[in-house]
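See structure below.
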Amino acid sequence: MRALFFDGSLHYDHQAPVPEPGEDEALIRVSMAGICGTDREILKGYKGFTGIPGHEFVGVVERVNGAYSGLVGKRVVGEINCGCGVCEYCSKGMDKHCPFRSALGIAGRDGVFAEYVTLPLRNLWEVPSHLQDEEIVFAEPLAAAFEITEQVHVRPTDRAIVLGDGTLGLLCAFVLKGAGADVTLCGRHKAKLAVAAAEKIKTRKSDELKKKRAYDIVVEATGSENGLETALDLVRPRGTIILKSTVAAKRKVDLSGIVVDEITLVGSRCGPFAPAIAALASRRVPVKGLLSAVYPLGEAQAAFEKAAQAGAIKVLLDLRGG
């Protein structure tokens with residue numbers, strides 16, 4: 001099969017072995033995959049990952065290793081955390097915190113920048129037939145945005161600001177607006193902010209932002225090592241900061257203000273697929289406006305370069321061709 005490998009550098013292999021699904025796993029032929037900020041951080045050394053990266057995907061189940069075969073031939077998306085299924089965390093439905101877990105294309109498990117991938121059946125979600133691959137491939141990052149409303153009670157009186165105008169930042173802004181908050185998206189790129197403005201979301205350029213501590217909720221999705229410091233300049237006393245960035249670099253931060261002002265700090269990553277798929281199915285979230293470019297897998301280097309450009313939002317890899 002065709003695949004991308006990362007072992008300190010990214011390279012393309014057109015004769016990689018097809019993976020074999022484990023017990024109660026499915027073999028999925030990948031149709032389309034998305035490049036996200038975490039993938040780009042992996043190329044900088046995040047998590048020390050080596051193997052096939054990538055975790056945002058849509059594909060078709062070709063084979064199942066197990067008694068249940070109802071998903072064969074079905075188009076699916078998948079949750080990325082693969083827990084052991086038997087530990088205390090998994091028994092409580094917290095498999096994404098399983099100490100023995102692997103994470104698709106991030107830790108201990110090859111990802112979706114390949115023609116085939118394997119995942120446990122319990123991780124898979126069948127998707128509505130009317131949605132195009134270019135839409136449903138947003139299920140995983142949109143689920144991550146919906147995790148905010150799972151963790152924090154968002155009230156109509158809340159003033160919220162999302163820092164970062166990349167794909168995740170935009171999706172977080174859409175979800176918070178849908179939850180009724182008064183939302184502002186802050187970023188560096190006029191074209192990206194225009195996408196939010198078209199959905200009646202307030203916008204601010206980063207270099208024009210007044211560091212006024214007036215926000216009940218601050219979502220940090222900049223992908224920057226100094227994002228938390230900026231968030232601390234904006235959150236009101238007893239407000240909430242939601243951290244979304246996964247950054248390879250390390251930085252010292254003065255945490256005394258969190259104690260003095262009684263700030264709630266929430267780490268937030270993967271989220272629920274059901275509301276994400278429902279929002280995509282109803283097209284309440286305008287993901288087509290987030291698509292910047294689509295490349296074949298063999299042009300992955302160009303795709304990653306495009307994804308790193310200032311004006312790019314979401315770049316996809318198309319694996320449907322030969």
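Just so it is clear, none of the values below were taken in a lab; they were calculated from the coordinates. The model shown is predicted, which means the values in this text are computed figures rather than measured ones. For neighbour counting, all protein chains shown are included, and Cβ atoms are generated from backbone atoms with ideal geometry for every residue, glycine included.
A viscosity of 0.692 mPa s and a temperature of 37 °C, combined with the Kirkwood radius over Cα pairs in Stokes-Einstein, give a translational diffusion coefficient for segment 196-268 of 252 µm²/s. Taking LEU228, LEU71, LEU27 as the candidate residues, the one with maximal mean-square fluctuation in a Gaussian network model of the chain, Cα springs under 10 Å, is LEU71. Taking the Cβ-Cβ separation of VAL260 and LYS212 as r and a Förster radius of 22 Å, what is the calculated FRET efficiency to the nearest 0.05? About 0.80, to the nearest 0.05. Rounded to whole numbers, the Karplus 3J(HN,Hα) couplings from phi for segment 138-150 are 7, 4, 5, x, 5, 4, 4, 5, 5, 4, 4, 6, 6 Hz, using 6.51 cos²θ - 1.76 cosθ + 1.60 with θ = phi - 60°, and x at Gly and Pro. Cβ-to-Cβ counts within 10 Å put PHE5, PHE49, PHE138 in ascending order as PHE5, PHE49, PHE138, the fewest first. Scalar couplings 3J(HN,Hα) for segment 285-302, obtained by applying the Karplus form with A = 6.51, B = -1.76, C = 1.60 to θ = phi - 60°, are 10, x, 6, 4, x, 9, 7, 9, 6, 10, 10, x, 4, x, 10, 4, 4, 5 Hz; x denotes Gly and Pro. Close amide H pairs (under 5 Å, H built 1.01 Å from N) link ARG188 with ASP165, SER206, residues at least 5 positions away or on another chain. Karplus-derived 3J(HN,Hα) values for segment 165-172, using 6.51 cos²θ - 1.76 cosθ + 1.60 with θ = phi - 60°, are 10, x, 3, 5, x, 5, 5, 4 Hz; glycine and proline are entered as x. Using a cutoff of 8 angstrom between alpha carbon atoms and counting only pairs six or more residues apart, the relative contact order for the chain works out to 18 percent.
Working ranking of peptides 82-94, 180-192 by packing, defined as the average number of other Cβ atoms within 10 Å per residue, highest first, is 180-192, 82-94. In summary, segment 88-143 shows an alpha-carbon radius of gyration equal to 1.32 times the 2.2 N^0.38 Å reference for compact globular proteins.
Compared with the alpha-carbon gap, the fully stretched path from VAL72 to GLU23 is longer by 16.1 nm at 0.36 nm per residue. The convex hull around the C-alpha trace of segment 145-267, projected and averaged over every direction, spans 7.0 square nanometres. Could you grab the relative contact order for segment 145-267? Cα pairs under 8 Å, six or more apart, rounded to a whole percent. Once normalised by length, the contact order is 22 percent. Cross-link pairs exceeding 18 Å between alpha carbons, from the set LYS190/LYS314; LYS202/LYS306; LYS177/LYS202; LYS288/LYS314; LYS44/LYS306; LYS74/LYS314: LYS202/LYS306; LYS74/LYS314. If the chain linking VAL253 and LYS92 were pulled fully straight, counting 0.36 nm for each residue of separation and taking away their Cα-Cα distance, it would gain 54.6 nm. Computing Cα Rg over 2.2 N^0.38 Å for the structure here picks out one of (1) 1.03; (2) 0.98; (3) 1.11, namely (2). The distance between label points at HIS11 and SER282 comes to 4.9 nm (points 7 Å beyond Cα on the Cα→Cβ vector).
Each of ILE258, ILE263, ILE106, ILE148 was scored by other Cβ atoms within 10 Å of its Cβ. Listed from fewest to most, they are ILE258, ILE263, ILE106, ILE148. Reported to the nearest whole Å, the Cα centre-to-centre distance from segment 137-192 to segment 32-92 is 24.
Determine the percent antiparallel among the DSSP beta bridges restricted to the chain, to the nearest 5. Expressed as a percentage, antiparallel bridges in the chain total about 50. This ranking places HIS55, HIS97, HIS14 by how few other beta-carbon atoms lie within 10 Å of each, fewest first, which gives HIS14, HIS97, HIS55.
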